[in-house]
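Chemist: Right, I'll just put the structure down here and ask away after.
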Amino acid sequence: MILPIWYGAFLIKRVFQGAVDNIQILDENGDIDASLFPSGLDDKKILEMYRYMSFARALDAKCLSLQRQGRAVTYAPLIGEEATQVGSAMAMRAGDLFVPNFRQHAVYLVRGLPLEIMFLYWRGFEEGAAIPKEVGGFPYIVPVSSQMPHAAGIAFAQKYNKKDVAVLAYVGDGGTSEGDFYEALNFAGVFKLPMVAIIENNQWAISVPRSKQSAAETLAQKGFAAGIRCVQVDGNDVIAVYKVISEAIANAKDGPTLIECVTYRMSMHTTADDPTKYRDPAEVEIWKARDPIDRVRKYLSKKALWSLELEKAMGEEQLKIIDEAVAKAEAFKPDPKSMFENVYGYMPQVLQDELDDSVANNFWQG
Amino acid sequence: MKVNMVSAINNALDLAMAEKEEVVLLGEDIGKDGGVFRATDGLQAKYGEGRVMDTPLAESVILGASIGMAMSGLHPVPEIQFAGFMLMGFGQLANHAARYRSRTRSKFEVPMVVRTPISGGVRTLEHHSDSPEALYSHLGGLTVVIPATPYDAKGLMIKALHMRDPVIFLEPTKLYRLFKQEIPDEMYEVEIGKANLVKEGNDLTIVTYGTMLSVVNEVVEKKNLSADVLDLRTINPLDEKSILDSVKKTGKVLIVHEAPLGFGPGAEIAARIAEKAIFELDAPIMRVGSNSFPYPFPGYENYYIPNALKVSKAVDKLLST
Ligand SMILES: Cc1ncc(C[n+]2csc(CCOP(=O)(O)OP(=O)(O)O)c2C)c(N)n1
Ligand SMILES: [Mg+2]
């Protein structure tokens, strides 16, 4: 039997089609695509972004050196990822909230977390997770992707309370493989929650490269399965990140967006890691040319908005702030009683007994 | 060969892979990187990417896929990078690994060895220092092992890979590189479900395992105690007989573990002693554990984990009753 040629066309209908755009505005030479320049951004704000990115890098170097001197515990550096973090944090409106993983130090910085609190975390104290309300953020989360369902719930509560608040949730490229990631996106899609899920794709999950994390060409396209908007952006371009996140925040009242920021982990995974074991140093060199801070400096210099003198003064000022915060954090003396007093909202007698026993017997001196 | 615990585990895996093609390793960063503790170092280079696999970052599928592999003729050894993250795949262990045999009347078996680092004392970030042995033991159906020496680590691992059951192999990070020990080059098994009487004495019994063994030994030596020291090695199933034999001899027992005290392994051990030997005791059963709440941040861990002073005071109290 000869089938008519239109047979398939009638029975097979394409029911879904998707595409992912990649956006860049500021290139490696510091030149800008003016047609895409976001409204609400001006050179003054770009200068501010530059200062924050530089501050974040200085802070990062400090944490690294503290760890090397035994003055901090294992630390996860952010170097290379400043544009993704600063661009997204600066796109937040005053009341917006954020949920980080363990690497978003620059987001805290932009949102005004007192640095001594951040240092307390990296010195190994719970007091470092006590994020003041006005920061609008939640504490670092270590179990990969487990923060994503929280973000969905936080977004749910905003909608429930009829607040125009967007919730930015950060996750790594590796984190997109966890069930929690998919479940959270799907939940946010179904309830049209004001969530902005940000994949900080730094190309590596410890030793596992992006190519081995997923067979998908982009991580952004994972949004399609959840029925939510998705886009990819040059994560080393602070202007493009700012634009894309601002738009997602503006749209948040209508539902979530998934944004993949393509960036690079220029350093080790954490201070416990040795990337020479698994990563070709030539790859790092390629990304050095795409440095997120260099290109903003080039942009500002071309416009005569930046100079070596300003750079020097900024560096000194930032180091002073950092050193003061370190001194405050190092003056902190832990009180073991606080471990017992914060387990429940009440004190069970059996726990009080354990505490009394520790005090009476001087166990903490042992 | 004289090796530390990480090398002993590496060697056991190497021998098991050479012995049986069914043995495959999978987990996060276990291939090229050799695992974050280097327990699988060199094995991918030796056996190839087809047998030593870096997986996507997803514990539930690491454990769930291992169950599937195990039911299909392979003998997988999934590594979960830290015990805290095994909870992301807890459902696979509790709902499936623990039950597949019983719910199919042994028609289906799940031979696999789930390796994960446990315990603290090494200044890690949150979620990297948990002691979850009671959690897995409570389920039933999972064999739960904790070695305290390189010799036992190798022998228990090889034994686990010769069994047809899911074994939760918990490796105390603090012991990975703490000391070296002379162990045989070749394959040998250490019996699972059998405690090791590491010291013999008459005045009291100390039941312990894992990181606390060295703390207990230190106290026994310092105080010059005449004590039976039992290293459980297997938490589930408990070697009840060795515990009771010793307790009946000494009449006094102290249980020491790093896991939190409340609802910890010590409660199960104490209950069995109380049920079966209470009239042979001449003092109440005593327990020492970490405090009854989750593992704190590293800046507080020294206030949380039992130290020699805490064990020593418990011994004093026990001997004075
Ligand atoms: C559930 C879980 N599994 C494993 C780990 C150990 N771990 C910490 S970070 C990390 C890699 C994370 O990669 P990615 O999500 O890309 O974030 P990045 O570290 O690159 O920022 C792993 C495996 C963890 N913290 N949580
Ligand atoms: Mg990554």
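The values are calculated or read from the model by the stated rules, or taken from the named source; none is laboratory data. Model, not experiment: these values are computed from the prediction. Cβ placement follows ideal geometry from the backbone for every residue including glycine, while neighbour counts extend to all protein chains displayed. Ligands, DNA and RNA are stripped out before the accessible areas are found, and what is left, the full protein with its side chains, is counted by its heavy atoms. Shrake-Rupley method; radii C 1.70, N 1.55, O 1.52, S 1.80 Å.
Chemist: Wholly within region B:79-171, which helices (runs of 4 or more DSSP H) include no fewer than the required count, namely at least 2 residues that are on the phi < 0 side of the Ramachandran plot and open to solvent by less than 10 Å² (accessible area, probe 1.4 Å)?
Modeler: Because the criterion is at least 2 residues that are on the phi < 0 side of the Ramachandran plot and open to solvent by less than 10 Å² (accessible area, probe 1.4 Å), the helices (runs of 4 or more DSSP H) in region B:79-171 that meet it are B:83-86, B:133-139, B:150-161.
Chemist: Could you give me the residue pairs with C-beta distances under 8 Å whose first residue belongs to region B:12-30 and is away from chain A (no Cβ under 14 Å), whose second residue is open to solvent by less than 10 Å² (accessible area, probe 1.4 Å) and basic (Lys, Arg) wherever it lies, and which are 6+ apart or on separate chains?
Modeler: Cβ pairs passing all conditions: B:Ala12/B:Lys154.
Chemist: Only one of these is more than 9 Å from ligand 2 (Cβ to nearest atom) and without any contact (Cβ under 8 Å) to a residue 12 or more places away in the chain: A:Ser207, A:Ser211, A:Ser177. Name it. Give the steps one after another, and end with the answer.
Modeler: Details: A:Ser207 fails: without any contact (Cβ under 8 Å) to a residue 12 or more places away in the chain; A:Ser177 fails: without any contact (Cβ under 8 Å) to a residue 12 or more places away in the chain.
The match here is A:Ser211.
Chemist: Please verify whether region B:176-192 includes one or more residues that are in contact with a Lys or Arg (Cβ under 7 Å, 6 or more places away or on another chain) and of a type in the set (Lys, Arg).
Modeler: Yes: region B:176-192 contains one or more residues that are in contact with a Lys or Arg (Cβ under 7 Å, 6 or more places away or on another chain) and of a type in the set (Lys, Arg).
Chemist: Here are the criteria: (1) over 17 Å from the mean Cα position of the chain (by Cα); (2) open to solvent by 40 Å² or more (accessible area, probe 1.4 Å). Tell me which single one B:Pro237 does not satisfy.
Modeler: (1)
Chemist: How do the pairs read when you match residues in region B:34-46 that are open to solvent by less than 30 Å² (accessible area, probe 1.4 Å) with residues anywhere that are assigned to a helix (DSSP H, G or I), using Cβ under 7 Å and keeping only pairs 6 or more apart or on different chains?
Modeler: B:Ala39/B:Val6; B:Ala39/B:Ile9; B:Ala39/B:Asn10; B:Thr40/B:Asn10; B:Thr40/B:Leu13; B:Leu43/B:Leu13; B:Leu43/B:Asp14; B:Leu43/B:Met17
Chemist: Filter region A:61-88 down to the residues that are surrounded by 22 or more Cβ atoms within 10 Å (Cβ to Cβ), assigned to a helix (DSSP H, G or I) and free of Cβ contacts under 8 Å to residues at least 60 places away in the same chain and list them by number.
Modeler: Passing the criteria: only A:Cys63.
Chemist: Now for a separate question. Identify, please: which residue in region B:204-228 is more than 16 Å from B:Leu178 (Cβ to Cβ) and touching a strand residue (DSSP E or B) at 6+ places or on another chain (Cβ under 6 Å) and is, among those, surrounded by the most Cβ atoms within 10 Å (Cβ to Cβ)?
Modeler: B:Ile206
Chemist: Does region A:239-270 hold any residues that are more than 16 Å from ligand 2 (Cβ to nearest atom) and either assigned to a loop (DSSP other than H, G, I, E, B) or within 14 Å of another protein chain (Cβ to nearest Cβ) (or both), and which are they?
Modeler: A:Gly255, A:Pro256
Chemist: From B:Thr116, B:Thr104, which residue is farther than 24 Å from B:Ala39 by Cα and either among the small types (Gly, Ala, Ser) or away from ligand 2 (no atom under 16 Å from the Cβ) (or both)? Even if it seems obvious, please write down each step before you answer.
Modeler: Details: B:Thr116 fails: farther than 24 Å from B:Ala39 by Cα.
One residue alone meets the criteria, B:Thr104.
Chemist: Right, here's the next one. How about region A:104-152: which of its residues are surrounded by fewer than 20 Cβ atoms within 10 Å (Cβ to Cβ) and β-branched (Val, Ile, Thr)?
Modeler: A:Val135, A:Val142 - these are the residues of region A:104-152 that are surrounded by fewer than 20 Cβ atoms within 10 Å (Cβ to Cβ) and β-branched (Val, Ile, Thr).
Chemist: Please pick out the residue among B:Met17, B:Met69 that is touching a Phe, Trp or Tyr at 6+ places or on another chain (Cβ under 7 Å) and in a helix (DSSP H, G or I).
Modeler: That would be B:Met17, the only listed residue that is touching a Phe, Trp or Tyr at 6+ places or on another chain (Cβ under 7 Å) and in a helix (DSSP H, G or I).
Chemist: Could you list all residues from region A:276-300 that are over 15 Å from A:Val86 (Cα atoms) and of a type outside the set (D, E, K, R)?
Modeler: Selection gives A:Thr276, A:Tyr278, A:Pro281, A:Ala282, A:Val284, A:Ile286, A:Trp287, A:Ala289, A:Tyr299, A:Leu300.
Chemist: Name, by its number, the condition in (1) under 27 Å from A:Lys277 (Cβ atoms); (2) within 14 Å of chain A (Cβ to nearest Cβ); (3) not β-branched (Val, Ile, Thr) that does not hold for B:Ser66.
Modeler: Single failed check for B:Ser66: (2).
Chemist: Among A:Tyr108, A:Tyr140, which is under 25 Å from B:Thr124 (Cα atoms), away from chain B (no Cβ under 14 Å) and of a type in the set (Phe, Trp, Tyr)?
Modeler: A:Tyr108
Here's the yes/no breakdown for (1) of a type outside the set (A, V, I, L, M, F, W, C); (2) within 23 Å of B:Ile305 (Cα to Cα); (3) modelled with pLDDT under 95:
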| residue | (1), (2), (3) |
| --- | --- |
| B:Thr143 | yes, no, no |
| B:Thr149 | yes, yes, no |
| B:Leu161 | no, no, no |
| B:Leu178 | no, yes, no |
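Chemist: Here is a follow-up. What single numbered condition from (1) away from ligand 1 (no atom under 11 Å from the Cβ); (2) without any contact (Cβ under 8 Å) to a residue 60 or more places away in the chain fails to hold for B:Ile80?
Modeler: (1)
Chemist: Continuing with the same structure: Against the definition (over 20 Å from the mean Cα position of the chain (by Cα) and not β-branched (Val, Ile, Thr)), how does A:Gly235 come out, yes or no?
Modeler: Values: over 20 Å from the mean Cα position of the chain (by Cα): no; not β-branched (Val, Ile, Thr): yes.
Judged against the criteria, A:Gly235 is not a match.
Chemist: For region B:258-282, enumerate the residues that are closer than 19 Å to A:Leu355 by Cα and open to solvent by 20 Å² or more (accessible area, probe 1.4 Å).
Modeler: B:Pro260, B:Leu261, B:Gly262, B:Phe263, listed by residue number.
Chemist: Here is a list of conditions, (1) in contact (Cβ under 8 Å) with a residue 24 or more places away in the chain; (2) of a type outside the set (Phe, Trp, Tyr); (3) within 16 Å of ligand 1 (Cβ to nearest atom), and A:Ser246 meets all of them except one; can you say which number that is?
Modeler: (3)
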